[in-house]
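Before any comments, here is the structure.
The values are calculated or read from the model by the stated rules, or taken from the named source; none is laboratory data. In this text, all values refer to a predicted model and were calculated from it rather than measured experimentally. Counting neighbours? That spans all protein chains shown, and the Cβs are built from the backbone with ideal geometry, glycine included. Keep in mind that these areas ignore ligands, DNA and RNA; they rest on the heavy atoms of the full protein, side chains included. Shrake-Rupley method; radii C 1.70, N 1.55, O 1.52, S 1.80 Å.
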Amino acid sequence: MTGYISNDLRKVTTLRLIEMKKRGEKISMLTAYDYTIAQILDGAGLDVILVGDSASNVMAGNTTTVPMRLDQMIYYAQGVVRGVKRALVVVDMPFGTYQVNETLAVTNAIRIMQECGADALKLEGGEEIIPMVKKIIDSGIPIMGHLGLTPQSINKFGTYTVRAKDEAEAEKLVRDAHLLEEAGCFGIVLEKIPAKLAERVASELNIPIIGIGAGGAVDGQVLVYADMLGMSKDFSPRFLRRYADLHTIITEAVGNYIEDVKKKDFPNEKEQY
Ligand code: KIV
C-alpha cells in the first residue's frame, strides 16, 4: 500500500490542530457521512472528518445543502462518530438551525453534541452570526467557521462561482475571519476564494485555515470524499484532484457480479451452506 503512514494514534483535538499550524504541519480533512467510509478515512490517518451538510447533495441527491434538516445531520453524524477512533469529528450545523437567534442556535448545537458525540461544530458566515458563535462557544462547544463560498447562502449568491474577487468582499472576508477568531473559533474553512486572499488570512490569523479551492498557502485542505475518490463523474471544478476512479471500479465490479448471477456462476459450491 502507498500513502501516508503514521504511528501517532493519539486522538486529534482542536488544540492539536492549533499546534500543527504553529509548527507548519498541514492538516488533512475530508467529509464523511457514514460509519463504513468514516472507518476507512480514520484508519488511513486523516486528521479531521467533517460530517458536511454536503450530505444533502452526496447522499440525498439534492442540488443544494438548503434542505438538510437537523435530525438528518444527527443521523449521519452518529454513524460517522461510531466509525472514528482518532480523527477530530466536526459536524455542520444545517441551514436554519443557528441563524434565527442565540437561544435556538445553542439549543440545536447542544442537541447535536449530545446525540452524536461529535467533537466540534461548523457554522457558515461572518459578522452576522458572531453572537450565535459566541453563545455556542460559551456553552463549551468548539466551533469552526466557514467563509467565502458558503453553500447554505446559494440562493442569495445565485452562483457557485469564486467568491471575494472584488476588494469590498475580500475586505469583509478578512474582517469576518478576524471576528471569528476573536469570538473563539478554533479554525476556519475558506471555500473557493483567490489563493492570495486565503494566504493573507492564514498569515494574519493564529487559528488553522483549511481551504477548499483556496490554494496551497493555507494550513490544511478539505475535499468531499466522494469527489476525491472519483465517485461523481459530472463534478469537475478546477480545485478538485481525483485520487481514484471509484465510479469505474464500482461499475466494473457490479457488472461482473451481474454477469456471474446471470450465468449462474455465483454462488458456487464453496459459497453456500
Ligand atoms: O459540507 C461540506 O462538505 C463542506 C465542505 C465543502 C467544507 O462544508
Rounded to whole Hz and in sequence order, give me ³J(HN,Hα) for the stretch 144-154 from the Karplus expression 6.51 cos²θ - 1.76 cosθ + 1.60, θ = phi - 60°, writing x for Gly and Pro. 10, x, 8, 10, x, 6, 10, x, 5, 9, 4
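With a probe of 1.4 Å, find how much accessible area the chain has per residue, and write the answer as a whole number in Å². The partial results should precede the final answer.
Working: 14350 Å² over 273 residues.
Roughly 53 Å² per residue, with all protein chains present.
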Can you list the HN-Hα couplings for the stretch 225-238, worked out from phi with the Karplus curve (6.51, -1.76, 1.60; θ = phi - 60°), rounded to whole Hz and with x for Gly and Pro? 4, 5, 6, 6, 8, x, 7, 9, 8, 9, 10, 10, x, 4
Alpha-carbon Debye profile of the chain, log10 I(q)/I(0) at 0.17 Å⁻¹: -1.46
Spelling out what I want: for every residue of the stretch 65-73, take phi, set θ = phi - 60°, compute 6.51 cos²θ - 1.76 cosθ + 1.60 (Karplus), and round to whole Hz; glycine and proline get x. 8, 4, x, 4, 10, 4, 5, 6, 4
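For the chain, with only Lys/Arg (+1) and Asp/Glu (-1) charged at the beta-carbon, what is the dipole magnitude about the Cα centre, in debye rounded to 20? Intermediate values should be presented prior to the final figure.
Details: 31 positive and 36 negative charges, 63 e Å.
Here the size comes out at about 300 debye.
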Put +1 on the Cβ of every Lys and Arg and -1 on every Asp and Glu Cβ in the stretch 1-124; which of Ile27, Thr64, Val89 then has its Cα farthest towards the positive end of the dipole? Ile27
Under 5 Å between amide H atoms, partner at least 5 residues away or on a different chain: which partners does Val189 have, H built in plane at 1.01 Å? Gly145, His146, Leu147, Ile210
For Val66, placing the label point 7 angstrom along Cα-to-beta-carbon and taking the stretch 210-240, residues whose amide nitrogen sits under 12 Å are none
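How about the stretch 178-273: which trypsin sites (Lys or Arg not before Pro) there lie in a loop by DSSP and see at most 15 other Cβ atoms within 10 Å? Show your work: numbers first, answer last.
Working: sites: Lys192, Lys196, Arg200, Lys233, Arg238, Arg241, Arg242, Lys262, Lys263, Lys264, Lys270; in loops: Lys192, Lys233, Arg238, Arg241, Arg242, Lys263, Lys264.
Of the trypsin sites (Lys or Arg not before Pro), the ones in loops of the stretch 178-273 whose Cβ has at most 15 other Cβ atoms within 10 Å are Lys233, Arg238, Arg241, Arg242, Lys263, Lys264.
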For the stretch 1-62, which whole-number percentage of the solvent-accessible area (1.4 Å probe, protein heavy atoms only) is attributable to carbon and sulfur atoms? 59
What is the Cα centroid distance between the stretch 247-261 and the stretch 34-95, reported in whole angstrom? 27
What three numbers, in Å, describe the spread of the alpha carbons of the stretch 123-263 along their principal axes, ordered from the longest? 65, 36, 29
Amide H neighbours of Val51 under 5 Å, counting only residues 5+ apart in sequence or on other chains, H built in-plane at 1.01 Å? Ala32, Val90, Val91, Asp92
